[in-house]
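I have placed the structure first, in the form of structure tokens, so that the comments after it can refer back to it.
The values are calculated or read from the model by the stated rules, or taken from the named source; none is laboratory data. What you are looking at is a predicted structure, and each value in this text was computed from that prediction instead of being measured. Using ideal geometry, Cβ is built from the backbone for each residue, glycine included, and neighbour counts are taken over all protein chains shown. These area figures cover heavy atoms from the full protein model, side chains too; ligands, DNA and RNA do not enter into them. Shrake-Rupley method; radii C 1.70, N 1.55, O 1.52, S 1.80 Å.
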Amino acid sequence: MSDVALVSMPFGALFSPSLGLSLLKAALTRERIDARTHYFTIAFAEIVGSRFYGGIAGGKRPPLRHLAGEWIFSRALFGDEGDTDAWIESMVGRKRLKTSDPRRRISPALINQLLRARERVDPFLDACTEELLSGKPRMVGLTSVFQQHVASLALARRIKAVSPETFIVFGGANCEGVMGAETIRQFPFVDAAVSGEGDLIFPSLVRHVLEGEAVDGLTGVRTRASIVGGLAENRFENAPSVRAMDELPYPDCDDYIERFRRSRFDRDWHARIFFETSRGCWWGEKMHCTFCGLNGATMKFRSKSPQRALDEIVFLAERYEGSAFEATDNILDLSYFDTLLPALAARGIDLGLFWETKANLRKEQVRMLRDSGVTTIQPGIESLSDTVLRMMRKGVTALHNIQLLKWCKQFGVEPSWNILWGFPGEPPEEYTAMARIVPLLAHLQPPGFFSTIRLDRFSPNFFDAERLGFSSVEPLEAYEHVYPLPKEAVRNLAYHFRFRYSRPQTVESYAAPLARALRAWRRTSAASDLFLVDTGGHLLVADLRPMRKTPLHVLSPEEREIYLACDAVTDLRTIATATSRSSAEVERILTPLIANGIVLRDGARHLALAVALGDYSPPPSIVAQFFDSIREIAEPADRGIAIPLEHRLHPRTRRTRFPRMDQRILTSSRFTVDQSHVLIH
């Protein structure tokens with residue numbers, strides 16, 4: 001029994017509780033209002049299978065543009081008004097069964113899975129309704145983000161039919177601005193929708209409902225009475241935003257953990273707990289990335305004090321022991337490198353933390369992320385072209401992006417990143433140039449996703465579309481099949497949009513070479529490496545990339561000095577000053593290193609690509625591959641092997657049989673160079 005039931009419907013995150021609902025429950029508990037959170041995400045995944053559920057929730061299988069998660073529940077909301085055959089033919093029909101990228105292929109088996117999932121919706125919703133109403137809540141709050149809107153509406157309709165007196169309120173990203181107003185206008189069984197952050201207004205809304213008071217005047221709360229003026233004037237006020245982040249309660253994830261542990265997923269998976277240390281984006285306040293539709297009207301950056309953030313992370317780690325932890329921050333507060341992260345490092349808590357960051361981090365900052373238990377970051381790379389990055393307003397360069405990938409590998413921090421293309425007016429030759437660069441990066445983490453940009457509501461590309469070069473901006477085609485409503489209503493409910501270019505450009509054609517190079521990068525990255533050993537006099541660079549010219553480069557003392565000076569992005573003048581050489585001499589030394597693909601040049605700026613051994617230790621498969629690659633040029637030596645310095649000119653015809661030491665990790669070996677050989681002991 002509870003006064004308020006908070007609900008997360010499919011296709012919300014399966015293995016994580018909703019941070020929004022966890023915070024709202026904690027806020028209500030603070031106000032001594034009884035609330036319970038229901039995770040019907042887990043229940044539906046148990047019905048349709050976690051792999052199928054995860055593919056839809058992640059927007060990968062089928063791709064997000066099909067809105068499959070919304071379509072699965074659309075018949076339960078609208079009856080037979082929608083055309084199933086039209087959606088399948090339009091979204092995943094014969095035209096899309098064949099594609100050059102097998103991961104984007106829509107198979108007949110997947111279509112059958114979608115149809116079977118749709119057939120299971122009605123009994124699922126009946127069970128959800130029964131569970132909710134058995135607790136006799138006076139108010140039901142549903143969160144709606146990504147592909148959760150239609151399932152939430154379908155449940156709300158059933159609740160209202162059975163229990164008309166139950167007050168139903170929606171919130172979340174799908175309810176901000178005009179989206180929430182249109183939800184109220186089109187669906188009379190929804191009593192209110194909260195636009196913006198609900199932390200401050202929601203407890204007040206609940207009090208009004210429980211005490212039988214009107215809620216029409218609450219700021220940011222859409223009701224039937226309050227939307228009339230907003231829709232007429234296209235003006236929508238958000239709920240008050242949180243300013244003092246330290247005053248927020250700790251998220252209450254107890255209901256999720258209890259439900260997860262009763263599920264069959266508890267045997268094979270760990271829950272991932274979301275937390276936040278900040279809201280908004282300090283970079284977006286200065287320069288809003290053109291494609292970013294996050295934050296809406298809440299861009300202003302606010303962060304928790306380091307001590308409060310630390311206390312919360314420690315509390316969650318102890319309360320939800322065994323879970324992984326992921327910050328939902330849009331961007332890491334840079335001051336945390338001097339405060340919160342060192343404090344986490346001092347405690348030595350191994351939580352597998354995730355944070356979003358900017359890509360222009362310094363080397364010591366990446367090391368600090370590693371030391372503080374941050375194992376994964378999302379650095380917002382998005383492109384390897386300076387020109388395209390400027391069009392995005394990213395505030396970084398391509399070489400800085402690559403530099404971060406290198407340092408992430410060195411310190412064992414996994415970067416999760418994407419590449420986007422299709423910005424209006426982008427030069428096609430930039431994609432040819434990127435395709436040439438990619439083979440040099442085979443040893444680094446490849447992008448997890450690459451595709452043409454999508455227009456999202458609240459992004460500059462959407463609200464400033466004409467000036468930025470877009471035309472004919474319309475909701476994704478799938479919305480027409482999900483919502484059998486007037487066009488204006490569909491547009492107001494949509495978050496994702498399709499478009500044309502004001503000046504036509506053949507994106508698929510000019511991006512194709514880069515797409516092929518990126519797919520090859522993914523295939524070869526696990527078996528590729530480029531690492532260096534510093535003997536103090538020489539520098540040895542082992543090259544195990546597919547494009548290599550030789551498996552081992554031996555750099556002279558002068559080359560060593562120049563190469564080490566290029567560990568971070570630097571220009572000729574800076575290198576010349578640091579090494580007391582002329583720019584012409586530096587360029588002469590760099591030229592063969594660039595030709596061999598171990599230094600990347602962009603105009604006058606340079607970046608060494610090899611990862612230093614030490615913090616980085618190659619996996620056994622790479623160690624074995626290294627020794628195998630030098631079998632034809634190596635010779636047995638006292639307690640080790642020797643490689644002639646002139647090995648590229650005089651390769652051996654016999655394959656050397658190595659002693660047992662070739663199974664050792666390279667970092668335990670000693671490398672020296674004499675006048676004629678590289679010695680590995």
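Quick look at the values:
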| read-out | value |
| --- | --- |
| Residue list for the stretch 356-394, filter: closer than 21 Å to TYR431 by Cα, open to solvent by 50 Å² or more (accessible area, probe 1.4 Å) and touching a residue at least 60 places away in the same chain (Cβ under 8 Å) | MET391, ARG393 |
| Residue check for ASP246: assigned to a loop (DSSP other than H, G, I, E, B), of a type in the set (Asp, Glu) and either open to solvent by 20 Å² or more (accessible area, probe 1.4 Å) or touching a residue at least 12 places away in the same chain (Cβ under 8 Å) (or both) | no |
| Pair list, Cβ < 8 Å and 6+ apart or interchain, from the stretch 298-317 residues that are among the β-branched types (Val, Ile, Thr) to residues that are in a helix (DSSP H, G or I) and open to solvent by 30 Å² or more (accessible area, probe 1.4 Å) | VAL314/ARG347 |
| Residue satisfying all of: in the stretch 582-622; part of a loop (DSSP other than H, G, I, E, B) and open to solvent by less than 50 Å² (accessible area, probe 1.4 Å); modelled with the lowest pLDDT among these | PRO618 |
| Among the candidates GLU131, GLU176, residue that is among the acidic types (Asp, Glu) and under 22 Å from ALA27 (Cα atoms) | GLU176 |
| Qualifying strands (runs of 3 or more DSSP E) (wholly inside the stretch 464-540; at least 2 residues being modelled with pLDDT under 95) | 530-534 |
| Long-range neighbours under 7 Å by Cβ, at least six apart or interchain, first residue under 21 Å from LYS549 (Cα atoms) within the stretch 582-597, second assigned to a loop (DSSP other than H, G, I, E, B) | ASN596/LYS549; GLY597/MET547 |
| Flag for ARG436 being in contact with a Cys (Cβ under 6 Å, 6 or more places away or on another chain) and open to solvent by 40 Å² or more (accessible area, probe 1.4 Å) | no |
| Yes/no for GLY198 being in contact with a Gly (Cβ under 6 Å, 6 or more places away or on another chain) and touching a residue at least 60 places away in the same chain (Cβ under 8 Å) | yes |
| THR41, sole failed condition from (1) open to solvent by less than 10 Å² (accessible area, probe 1.4 Å); (2) over 30 Å from HIS208 (Cβ atoms) | (2) |
| Selection count where residues are among the aliphatic types (A, V, I, L, M) and without any contact (Cβ under 8 Å) to a residue 12 or more places away in the chain, scope the stretch 224-243 | 3 |
| Cβ pairs under 8 Å, 6+ apart, first in the stretch 130-143 and outside any helix (DSSP H, G or I), second among the β-branched types (Val, Ile, Thr) and open to solvent by 10 Å² or more (accessible area, probe 1.4 Å) | ARG138/VAL209; MET139/VAL209 |
